[in-house]
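Participant: Quick one: the structure is below, questions incoming.
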Amino acid sequence: MNYEITPKEVQQLQSSAQPPTVVDVREHWERQTASIAPSEHIPMSEIPAHLPELDPDRHIIVYCHHGVRSLSVTDWLRRQGYESVQSMSGGIDRWSLEIDPKVPRY
């Protein structure tokens, strides 16, 4: 499984029979500015503490602002044994440009 997934692929998976768990790893103020629904919010610095809440058998998609932090979290989660984790390339900024222009860019 690739480390990255495009926003279009995420959108398609969200409407599938088994939608992925989407995790926003941005800071609280960023989440208040813009978010993708449905998604869980676990800031990057809090991921280790919330690890037990993430199901290693589910497809997990991680996103941030531009995709740098989410790629780092994806790498870390994979090293913890979470094999089905992907980072949404381009982050919420790309989501806003390609999928939903109502999501504010910042």
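Participant: Scan the range 43-76 residue by residue and report those that are aromatic (F, W, Y) and either surrounded by 21 or more Cβ atoms within 10 Å (Cβ to Cβ) or within 24 Å of R105 (Cα to Cα) (or both). Don't jump to the end; show me each part of the working.
Facilitator: Here is the first cut: in the range 43-76, the ones aromatic (F, W, Y) are 63, 76.
Scanning the range 43-76 gives a single hit, Y63.
Participant: Here is a further query. Looking at P7, is it under 20 Å from R105 (Cβ atoms), touching a residue at least 12 places away in the same chain (Cβ under 8 Å) and not aliphatic (A, V, I, L, M)? Working first, answer last.
Facilitator: Numbers: under 20 Å from R105 (Cβ atoms): yes; touching a residue at least 12 places away in the same chain (Cβ under 8 Å): yes; not aliphatic (A, V, I, L, M): yes.
Criteria met by P7.
Participant: Another question, if that's okay. Run V23 past the list (1) surrounded by fewer than 18 Cβ atoms within 10 Å (Cβ to Cβ); (2) within 12 Å of the chain's Cα centre (by Cα) and report the number of the one that doesn't hold.
Facilitator: For V23, the failing item is (1).
Participant: Something else about it: Looking only at residues that are among the charged types (D, E, K, R) and not in a loop (DSSP other than H, G, I, E, B) in the range 94-106, which one is surrounded by the fewest Cβ atoms within 10 Å (Cβ to Cβ)? Steps first, answer last, please.
Facilitator: Filtering the range 94-106 for residues among the charged types (D, E, K, R) gives 94, 98, 100, 102, 105.
Next cut, not in a loop (DSSP other than H, G, I, E, B) only: 94, 98.
Values: R94: 19, E98: 13.
Ranking the candidates gives E98 first.
Participant: Kindly indicate whether I61 is in contact with a helix residue (DSSP H, G or I) (Cβ under 6 Å, 6 or more places away or on another chain) and β-branched (V, I, T).
Facilitator: Details: in contact with a helix residue (DSSP H, G or I) (Cβ under 6 Å, 6 or more places away or on another chain): yes; β-branched (V, I, T): yes.
Spelling it out, I61 is indeed in contact with a helix residue (DSSP H, G or I) (Cβ under 6 Å, 6 or more places away or on another chain) and β-branched (V, I, T).
Participant: Within the range 77-93, take every residue that is assigned to a helix (DSSP H, G or I) and touching a His at 6+ places or on another chain (Cβ under 8 Å) and give me the one that is surrounded by the fewest Cβ atoms within 10 Å (Cβ to Cβ).
Facilitator: First, pick out the residues of the range 77-93 that are assigned to a helix (DSSP H, G or I): 77-79, 91-93.
Right, trim to touching a His at 6+ places or on another chain (Cβ under 8 Å) and you get 91-93.
Working: G91: 24, I92: 30, D93: 18.
It comes out as D93.
Participant: Within the range 62-106, restricting attention to residues that are of a type in the set (V, I, T) and under 12 Å from the mean Cα position of the chain (by Cα), which residue is farthest from Y3 (Cα to Cα)?
Facilitator: Initial filter on the range 62-106 (of a type in the set (V, I, T)): 62, 68, 73-74, 85, 92, 99, 103.
Of the ones still in play, those that are also under 12 Å from the mean Cα position of the chain (by Cα) are 62, 68, 73-74, 85, 92.
Working: V62: 10, V68: 12, V73: 11, T74: 7, V85: 7, I92: 17 Å.
Restricting to residues being of a type in the set (V, I, T) and under 12 Å from the mean Cα position of the chain (by Cα), the top hit is I92.
Only the coordinates and a few stated rules stand behind these numbers; no lab work does. This is a predicted model, so every value here is computed, not measured. Positions of Cβ are backbone-derived with ideal geometry, glycine not excepted, and every protein chain shown enters the neighbour counts.
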